[in-house]
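Taken together, the values in this text are just the output of simple stated rules run on the coordinates, not laboratory data. Computed from a predicted structure; not experimentally measured. Methodologically, a virtual Cβ is constructed for each residue, glycine included, from the backbone with ideal geometry; neighbour enumeration extends over all protein chains shown.
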Amino acid sequence: MSTGIKNLVRTLDGVDFLKMDRRTFMKAVGIMGASAFLGTYKTDIVKALEFAETKVLWIHGSECTGCSESVLNAGNPDLVQALEKLNVNLAFHETLCAQQGIWNDGKLVNTSELNSEILQEEIYEEGGYILVVEGAIPNGPDGSGRYLVIGNKTFKDTLGEAAKNAAAIVAVGTCACYGGITSADSDVAKDTDYRGVAFAKTDKSKGMLQELNIDKPVINIPGCPAHPDWVLLTLGAVILGKIKVPDDLPALLDDYNRPKVFYPPDHTVHENCPRRGYYDRGEFDEQVGGEKCLWKLGCKAPYAHADCGIRRWNGSVSMCTQAGGPCINCVDPGWPDTSRPLYVEREDIGVAGANIDTVAKVAVGAAAVAAGVHAVRRMKGE
Amino acid sequence: MVNVTVDPLTRIEGHQRISTEVDANGVITDAQSSSLIFRGFERILQKQDPRDAAFLTQRICGVCPLSHGLTATNALDDLYGVAEHVPKDALVMRNIFQGLNMIASHATHIYVLFGPDLANPAYRNVLTTLGDTGNSVWKEMVGRFAPISYKMDGAAVPAGSSYLAALPEKKRLQEAIALIGGRMPGPSSLYPGGYTYPANVADITKLSTYYLEVMDFVSSHTLKVPFDTWIENTYKASSPQKAVSFVTEHLQGLVDKSVASNDFSKEAGWGDVEFYAAFGSELVGETLLGLPASLKHDTIGGYKDPSKICFVAYGGYYKPKDGYDPRSPEGDRIFTSGVVSGNLEYLKFDPDKITESTAHSFYKNSADDFAPAEGETVPFTDPEKIVFTGGSDSQYSWDKAPRYDGIPGEVGPLARMLAIKEPLVTGLALAFNEKGYSAANVYTRMLARMQETAILAYELLNWVTVDYEPGGKISVPVDLNAAKNNKGMGLWEAPRGALGHWISAGGDGKVTNYQCVVPGTWLMSPRDSNGVPGPLEQSLIGSKINPVGDVDYTNPVGIYHMGRSYDPCISCAVHTIDLTGKRAPNTLRIL
């Protein structure tokens, strides 16, 4: 943590989170990270325990489990401690739960203590849970959703059932948000017809919930994978009532339903990149393994609206560009198509559809940054 | 006969269904393993920059992304003709990177995915009838391995001590990977010809600190014999017999000490490895050590016909010198490539003997069997045809069926440990074989994973503190033109087993063909064109759904163990092989 942030944390220490207005709260959590938030504010956490237990239902569609893996990497406190502190009951999570689907002659048997399918039905019935979706949802083939069938049910139907009685819905990872890697341009894409929960790439009218005629707000936490802080802080804010769903969402989310606090519309990864100094001096690496700016190796950080540069990853030890690989802008609704080719510099990039008003401005900003690189290059006579 | 189906098999990566027919004695007479998803990953690299593969194939699996990234990088080293020149320190960095991931992945499997089944009430029902010893053993099982959000008879069960202690260690290992790879999952540090991040002295010190912290966990929970003593007498033992004797004598000492007190706690010297090594097996626990009961995990998950199975390792971890051979001939890697027959005979690995069948998979291909480089992936597009209940003669999975020289292959820790002739695992396999058990079973599969974790911890320390030299050369330049009309092959070992990527590029240097054959596909495969079941299916058929106690169709804990003992990764398995879709489903094919 930089000295500035440390000072801020010190100043805020002891402030009652429950009394803090939403704006200050979001600012604070944005800058602090999950560990500081959940670790420092013990008084509020204790008060949180007085809240009723919050159930979280975490379902997996077409995914690689990378986002669950990422959340398991959450800082101090870790996921288990966070769940305890926020009085969360992780009622179902396919990779972590004790249960599995058990069928005898085609009928569900045993109880929810061992049978995951009975457990999920009980959770749906009770309602009032926070639904977390990881992974994209195939609509194909032919709108049947049968490219993913779990427990004799298409995942499309499962999403519909789970969404109906949810108190809030959070899509975790670029796949669940926009389709991600499974929606990449290809000649089977129209057969598989992968969707995000509330978007298909940048298209707000083609999310799977719209397809199912379910009108519910969705918070998107993209990233491939999503950063554990982004996930836990958002869940924490919803549970503590700091984000009221749906009333607060229009002010807090951008056009792609991303919390602006983590995906700032006016800030890119480039601005806080550890290699930024080299960029400013016009010094670029052209072979991997160096320490200079990675622009010529295809870095997309000037287009990436995320706070990776401040927050860093895995206990803040590093980030993609710090380790010498280019940023691939994995939080973009159009990822990976908007970032390919990954190792080639792109100046004509269309971030998330440049026709949309606010994003257009951002794209212009990013282009200006790219032009800056040009200017520097010209200065050096390259 | 009762149809007992587990769908979904949770606590794995991805979505899997196991359907079985079970007789009145609880013995499985028929089984189908079905992967439940088509991701359509296959087309995305076509006509693209080959280098994107190191990033994008990582998205096949978020548990072992860097294994895919590294296998792709091997294929790219070959494609650009730089494999022989990759500097030693880049190769050692790649070893450290993969070693950390394999340890983290195994620890996750042992404690988070497989372990919770040891707290299944089926064991309580048997053990608590066995007096004080049984009660103590059950107390240990539930007290160590219960997962989070667990309930029994309506009462919440606190998460187990080992389970809870393992989670932060997994996180710590991921942090160590991020230190040298940018982040985890989804690291950014792989590139043909080298590695993007030269660790400095401070990083080496940090890695050593992580190592010591993880070893603290190991000595408190996992293994109570001093680590060096264990390695010296097992991995470094002069013969398989000596390694087995060392372990059985150590366990006998513990049993002698604990049997009167019924104290099987960690404090009494029973680390999780010792505990499972003794109580997991009928042969070791009951016959050799004279324990009153065991979990009988050696009686399930074995192969009944050794002529229908083999063990395949492609080879992983580079030797600490400049360059390597992309075809991974015997002895080229620290974990050598190798093939071991069902009767434990050693054969030379030849990548050209790999084929894949789609006879029982949801694809409408022009033929049933292909070499990976010739593969087709034309998915069913009629929803009515995607049916999982058609039985063993039908098409019932999104997995294809890889075969080695026509035979199904088990890949993973057990295959790797056999291939390197690791003394303890080899000794156990021989002992089980001799006593009429299958050499491969749930118990040996788990012990091989535990032993491999220990070996990697040992090797890792050498890589970090001896082989890697900060300040050395970390990459060689790559001539992108070298890819034109060229091919590359990447052979490697992911935590779950042998992983291969094949790439071809056209005259423009762009990808024309990209294929993967991955561990999950080998392990979970359906029947092939000869009707021979895949490894998991073979291990199910003839095994009991309840290794101990009465037949209980409603809680087939044996199926959970058998399925999870392979550490299945379904997202890997159903990436669907042909990453370019050379033969697209909706285009006319002119032959």
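Data overview
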item: Rg followed by Dmax, in Å, when segment B:404-508 is reduced to its Cα trace; result: 19.4, 59
item: 10 Å Cβ neighbours from other chains, averaged over peptide B:302-315; result: 0
item: Selection from B:GLY427, B:GLY143, B:ALA166, by position along the positive dipole direction of chain B (Cβ); result: B:ALA166
item: Where Rh is the Kirkwood radius over Cα pairs, Rg/Rh for segment B:182-326; result: 1.08
item: For A:THR65, distant residues with modelled amide H under 5 Å away; result: B:GLY62
item: Segment B:41-142 shape via C-alpha gyration tensor axes, a/c threshold 1.5; result: prolate
item: Average other protein chain Cβ within 10 Å of Cβ, residues A:54-63; result: 3
item: Taking B:ASP30, B:ASP382 and counting other C-beta atoms within 10 Å, the order from fewest to most; result: B:ASP382, B:ASP30
item: Using θ = phi - 60° and Karplus 6.51 cos²θ - 1.76 cosθ + 1.60, couplings along segment B:239-253 (whole Hz; Gly, Pro as x); result: 7, x, 4, 4, 5, 5, 4, 4, 5, 5, 5, 4, 5, 4, x
item: Which listed pairs, of A:LYS190/B:LYS400; B:LYS304/B:LYS364; B:LYS170/B:LYS224; A:LYS55/A:LYS244; A:LYS156/A:LYS201; B:LYS400/B:LYS487, have C-alpha distances above 25 Å, in listed order; result: B:LYS304/B:LYS364
item: Whole-Hz couplings from phi, Karplus 6.51/-1.76/1.60, listed for segment A:187-202; x for Gly and Pro; result: 8, 10, 4, 6, 6, 6, 6, 6, 10, x, 5, 10, 9, 10, 6, 8
item: Computed [θ] at 222 nm, helices only, for chain B once each DSSP H run of length n ≥ 4 contributes -39500 (n - 2.57); result: -10500 deg cm²/dmol
item: Interchain or long-range residues, amide H under 5 Å from B:LYS151's placed H; result: B:VAL157
item: Part-to-part distance (alpha-carbon centres) for segment A:135-154 and segment A:77-133, which is given in Å; result: 21
item: Which of B:PRO320, B:LEU283, B:PHE264, positive extreme of dipole for segment B:199-347 (C-beta unit charges); result: B:PRO320
item: Per-residue average of Cβ from other chains inside 10 Å of B:189-199; result: 5
item: Karplus-derived HN-Hα couplings along segment A:213-219 (A = 6.51, B = -1.76, C = 1.60, θ = phi - 60°), whole Hz, x at Gly and Pro; result: 6, 10, 9, 9, x, 10, 9
item: Shape of segment B:293-334, Cα gyration tensor, a/c cut at 1.5; result: oblate
item: Quarter of the Cα convex hull surface for segment A:231-356, i.e. its orientation-mean projected area (nm²); result: 8.6
item: Along principal axes, Cα extents of chain B, largest first, whole Å; result: 74, 60, 45
item: Translational diffusion coefficient (Stokes-Einstein; Kirkwood radius from C-alpha pairs) of the protein assembly as shown at 20 °C, 1.002 mPa s, in µm²/s; result: 76
item: Segment B:239-271-segment B:398-438 distance, computed between alpha-carbon centres (Å); result: 26
item: Extreme residue, positive dipole direction of the protein assembly as shown, given options A:THR54, B:THR521, B:GLY506 (C-beta unit charges); result: B:GLY506
item: Rough spin-label spacing in nm, given labels placed 7 Å along Cα→Cβ, for B:LYS435 and B:ASN343; result: 2.3
